[in-house]
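Following: one structure in structure tokens, then a few remarks.
No value in this document is a laboratory result; all are computed from the given coordinates. Only a predicted model underlies this, so the values are computations on that prediction, with no experimental measurement involved. Here the Cβ positions follow ideal geometry from the backbone for every residue, glycine too, while neighbour counts run over all protein chains shown.
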Amino acid sequence: MLNLMKICSAMSKRLVSLRSFTTCEGHRPSLVHKRSLDILHDPWFNKGTAFSMTERDRLDLRGLLPPNVMSSQQQIERFMADLKRLEVQARDGPSDPNALAKWRILNRLHDRNETMYYKVLIDKIEEYAPIVYTPTVGLVCQNYSGLFRRPRGMYFSAADCGEMMSMVYNWPSDQVDMIVVTDGSRILGLGDLGVQGIGIAIGKLDLYVAAAGINPQRVLPVMIDVGTNNEKLLKDPLYLGLQQHRLDGEEYLVVVDEFMESVFTRWPNAIVQFEDFQSKWAFKLLQRYRNTYRMFNDDVQGTAGVAIAGLLGAVRAQGRPMIDFPKMKIVVAGAGSAGIGVLNAARKTMARMLGNTEVAFESARSQFWVVDAHGLITEARESIDADARPFARKVNEVSRQGLKEGASLAEVVRQVKPDVLLGLSAVGGLFSKEVLEALKDSTSTRPAIFPMSNPTANAECTPKEAFSIVGDNIIFGSGSPFPDVDLGNGRIGHCNQANNMFLFPGIGLGTLLSGSRMVSDGMLQAAAERLAAYMTDEEVANGVIYPSISRIRDITKEVAVAVVKEAIEEDLAEGYRDMDARELKKLDQEEITNFVKNNMWSPEYPTLIYKND
Ligand SMILES: NC(=O)c1ccc[n+]([C@@H]2O[C@H](COP(=O)([O-])OP(=O)(O)OC[C@H]3O[C@@H](n4cnc5c(N)ncnc54)[C@H](O)[C@@H]3O)[C@@H](O)[C@H]2O)c1
Ligand SMILES: O=C(O)C[C@H](O)C(=O)O
Ligand SMILES: [Mg+2]
């Protein structure tokens with residue numbers, strides 16, 4: 001008896017200690033209010049052939065499944081065998097001929113069994129991120145009307161004005177942590193895809209689950225359908241969205257304002273990521289909401305951070321000290337939401353390094369040359385976009401360099417001999433042979449080339465073109481994934497993926513767990529700096545300036561830790577669940593890391609228990 005009491009007391013102590021250290025969500029039993037087929041049709045609870053016999057009895061599933069109980073590993077193997085079989089049968093998609101077929105199969109798995117879907121995605125992230133995310137997600141959006149099967153996410157249209165506050169209650173989940181919203185007006189470099197742009201919100205949230213461990217029951221993809229200016233879609237009888245031209249001006253703002261008010265009324269702790277809004281609205285909406293709501297714009301702010309990390313990586317790769325960054329000459333092709341976001345952030349970073357004075361900020365401006373669809377932007381241009389104006393070059397300054405208003409990209413590269421050539425233009429092949437030849441005269445020992453536009457066909461150049469024309473000793477980073485280049489003699493030209501996927505999941509997770517009411521500039525800067533410092537000196541010397549996608553869960557955790565720390569330091573952190581602001585402030589670096597790790601969802605089947613109420 002005494003022994004039994006000792007064992008019980010030891011066990012209860014162990015339970016208490018387990019409770020205080022293990023908050024991993026996957027291990028808790030889940031209460032389920034359904035039985036039978038309702039469970040099998042519910043992707044949140046469905047385990048398919050992995051339901052144990054006792055669970056099948058308890059949940060009235062016996063006879064509804066083949067008798068053999070499979071382990072989750074066996075399920076994955078069966079699924080993988082099917083997926084691989086298809087690779088030799090199907091033919092569609094551009095860079096990967098089977099890409100769309102793979103997406104279809106993965107999407108069906110997503111509909112049937114969320115846990116298994118995310119297990120596949122996490123275990124094989126390198127292979128399937130390019131399918132559920134960039135570049136295939138672009139193809140999916142283009143073909144969405146044909147691919148649409150089961151709805152996923154919410155659609156708010158201009159026709160719903162006045163109704164949104166009640167509509168948000170149609171979503172089945174009382175808790176929503178992450179919302180990704182688009183209006184479909186600039187999907188990757190593919191232009192206005194209208195309602196079909198929902199695919200981009202779904203793809204981004206897939207990475208939120210896979211990389212940041214946001215619970216898939218608490219994500220919400222959203223499409224705000226205010227019409228489309230894509231004439232082809234407007235004429236297509238099968239188009240799923242509103243067949244009208246886009247609302248603009250006040251009419252547009254009324255819709256987005258109502259959406260924001262409605263989602264934050266129901267889910268005050270949610271974070272809203274704006275994605276793929278045309279530049280014209282991207283900046284305006286960011287300014288309009290960023291001090292009131294927990295939101296950020298991924299294309300403006302996420303991209304800026306990823307580019308800063310890449311630019312600092314390029315300085316390191318040249319063997320120069322970081323303080324040399326403000327001396328870099330940078331040519332940017334593209335002055336849209338992404339290009340201007342990068343320019344603003346790079347200028348601020350340079351100014352900070354130079355002492356953060358007004359003089360430093362002013363002088364940093366002269367490190368950039370911006371080329372858009374009309375060529376080099378100078379003050380001589382008749383109408384300059386307000387967001388691009390701070391980067392318009394002075395006429396006398398550029399004339400000393402042999403350049404003038406509207407000079408071509410090749411001329412600019414030839415005259416400036418930049419350290420970095422960065423593309424966010426959405427124009428495939430813009431870094432032509434002529435442009436890359438001109439870059440051979442760069443004054444840098446190791447010029448950096450960043451064709452960041454997506455998807456693959458919109459990349460300004462391929463790594464093969466860059467390495468073969470400019471030379472082996474370059475740094476290369478593209479928005480879409482490309483294979484490394486064989487340089488011969490066992491040497492590899494490394495192709496980095498310079499994509500905002502290395503930041504947005506960590507920014508979202510860090511904001512959520514800190515409970516910060518806003519996403520501050522400091523939090524974004526901390527995220528970028530963490531990414532910049534992530535690679536070792538040896539990796540950087542080998543031209544590896546971003547992690548491989550197989551490490552995305554780790555870098556995301558690290559970025560989230562940096563964001564939480566910064567939110568605490570700025571006194572913005574209000575806490576998350578049991579961890580209130582005061583507790584949060586007491587945590588050291590290791591404890592913050594554990595806090596983040598323990599709150600990341602993993603795809604493991606919980607034991608299900610029936611509860612009737
Ligand atoms: N890698 C990433 O993480 C990442 C992040 C955000 C955006 N992007 C990509 O960047 C691209 C642009 O996005 P955006 O939101 O800024 O688009 P946008 O339409 O707002 O801007 C495009 C810009 O490119 C300019 N441009 C067009 N033709 C040009 C030419 N021939 N030469 C030079 N400039 C030219 C336009 O004038 C405009 O300033 C897209 O392809 C998008 O997928 C990549
Ligand atoms: O979606 C991506 O792959 C990156 C970026 O947000 C883009 O718009 O291209
Ligand atoms: Mg985007």
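Observations
- Looking at the stretch 242-401, the DSSP beta bridges with both ends there are about 20 percent antiparallel.
- Whole-percent pair-distance distribution, where bins are 10 Å wide, for the alpha carbons of the stretch 302-498: 10, 38, 39, 12, 2, 0
- Remark: 564, 32, 272 ranked as 32, 272, 564, counting other beta-carbon atoms within 10 Å and listing the fewest first.
- Of all beta bridges that DSSP places with both ends in the chain, some 15 percent have antiparallel geometry.
- Taking θ as phi - 60° and the Karplus parameters 6.51, -1.76 and 1.60, the scalar couplings of the stretch 99-106 work out to 4, 5, 5, 5, 4, 4, 5, 5 Hz in sequence order, x denoting glycine and proline.
- Net charge contributed by nearby residues that have their C-beta within less than 13 Å of residue 52 (K/R +1, D/E -1): +2
- Nearby lysines by direct alpha-carbon distance to residue 348 (threshold 17 angstrom, same-chain neighbours under 8 apart not counted): 327, 329
- Computed lengthening from residue 284 to residue 149, 0.36 nm per intervening residue step minus Cα-Cα distance: 45.2 nm
- The stretch 230-344: radius of gyration over Cα atoms, expressed as a fraction of 2.2 N^0.38 Å: 1.41
- Each label point was placed 7 Å from the Cα along the Cα-to-Cβ direction; for residue 42 and residue 594 their separation is 3.4 nm.
- Sequentially through the stretch 222-228, phi angles give Karplus couplings (6.51, -1.76, 1.60; θ = phi - 60°) of 10, 10, 9, 9, 10, x, 8 Hz, Gly and Pro residues having no value and appearing as x.
- Counting every other Cβ atom within 10 Å of each residue's Cβ, 357, 556, 378, 593 order from fewest to most as 357, 593, 378, 556.
- Dipole magnitude of the chain, debye to nearest 20 (Cβ charges: Lys/Arg +1, Asp/Glu -1, about Cα centre): 1240 debye
- Computed extension length for residue 163-residue 404: 81.5 nm, one decimal, from 0.36 nm per residue of separation with the Cα-Cα distance subtracted.
- The distance between label points at residue 291 and residue 363 comes to 3.1 nm (points 7 Å beyond Cα on the Cα→Cβ vector).
- Estimated from helices alone, the mean residue ellipticity of the chain at 222 nm is -13000 deg cm²/dmol (sum of -39500 (n - 2.57) over DSSP H runs with n ≥ 4, per residue).
- Rounded to two decimals, the Cα radius of gyration of the chain over 2.2 N^0.38 Å is 1.01.
- Whole-number D in µm² s⁻¹ for the stretch 502-598, Kirkwood Cα-pair radius fed into Stokes-Einstein, 10 °C, 1.306 mPa s: 118 µm²/s
- Taking other Cβ atoms within 10 Å as a rough exposure proxy, 442, 262 sort from fewest to most as 262, 442.
- Where GluC sites (Glu not before Pro) in DSSP loops with at most 14 other Cβ within 10 Å are excluded, longest remaining stretch of the chain: 164-378
- Per principal axis, descending, Cα span of the stretch 273-411 in whole Å: 46, 39, 28
- Excluding same-chain neighbours fewer than eight residues apart, the aspartates and glutamates reachable from residue 433 by a Cα-Cα span under 19 Å are 372, 411, 419, 441, 460, 465, 472.
- Considering the stretch 72-293 at the alpha-carbon level, its Rg and Dmax are found to be 17.7, 55 Å.
- Close amide H contacts of residue 492 (hydrogens built in the peptide plane, cut-off under 5 Å, sequence separation of 5 or more or a different chain): 487.
- Taking 23 Å as the straight-line reach from the Cα of residue 585, the lysines in range (excluding those fewer than 8 positions away in the same chain) are 557, 565, 597.
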